[in-house]
């Protein structure tokens, strides 16, 4: 009787969720392998999921561009660009990844795992793009497009998209006739130069109303503004 490896069981569970079976299971393993795991296991650098993420990002942008072009005939080029950016941004993709429980299937280094890597937006969004790249390599463009349509573009119009949160937050504060200045402050900056993580807080006067993290300061500011908007909406 053949005993299945733990990795095979993990990957088959994910295949069931995404409704796609890989002809070459090693490609999916590659897509789920974070750099921290590859380093810990002394794998070659190209064996982590960063290159597949690069490929998946390109496929995602093409499919999303076609989608918004066809679905939003009344939008200008500039507005189409903003809408596409809101769909393919870290916050939206990490939400989609959570819907698929991708964090459960990732191969992480022990330190990254203990520090909450399975719930980190940047890791989840990168992994989702890597899965798209893996499907493209294994099954071609049509299968990758079907995955994107089913798990990212489905019901876009009703999703709470991360559009331009900084502008939206500014308008909310101004509409409340708040005289205090809206400002963003850097809380922390971690990691090596090629893979930094920034944490930024957004404040109204001296009151902190939201925090966010991202791989650039701009991304962290958008996340902070988004979290602030969510809190203000609840109030």
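The table below gives the values:
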| quantity | calculated |
| --- | --- |
| Estimated inter-spin distance, residue 51 and residue 207, nm [label 7 Å along Cα→Cβ] | 5.2 nm |
| Inter-part distance where region 89-163 and region 208-233 are each reduced to a Cα centre, Å | 20 Å |
| Helix 121-139 vs. the chain, principal-axis angle (Cα, 0 to 90°, nearest 10) | 40 degrees |
| Dimensions in Å of region 1-91 - Rg and Dmax from alpha carbons | 17.8, 61 |
| Principal-axis tilt of helix 217-234 within the chain, Cα atoms, nearest 10 degrees | 70 degrees |
| Anisotropy class of region 83-176 from Cα gyration tensor, a/c 1.5 cut | oblate |
| Region 165-234 shape via C-alpha gyration tensor axes, a/c threshold 1.5 | prolate |
| Among [x] 0.98; [y] 1.05; [z] 1.01, the entry that matches Rg/Rh (Cα atoms, Kirkwood Rh) as calculated here | [z] |
| Antiparallel DSSP beta bridges within the chain, percent to nearest 5 | 95 percent |
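Values quoted throughout were computed directly from the atomic coordinates according to the rules given, and no laboratory measurement underlies them. Because the structure is predicted, anything quoted here is derived from the model rather than measured. Cβ coordinates were reconstructed from backbone atoms using ideal geometry, including for glycine residues, and neighbour counts include every protein chain displayed.
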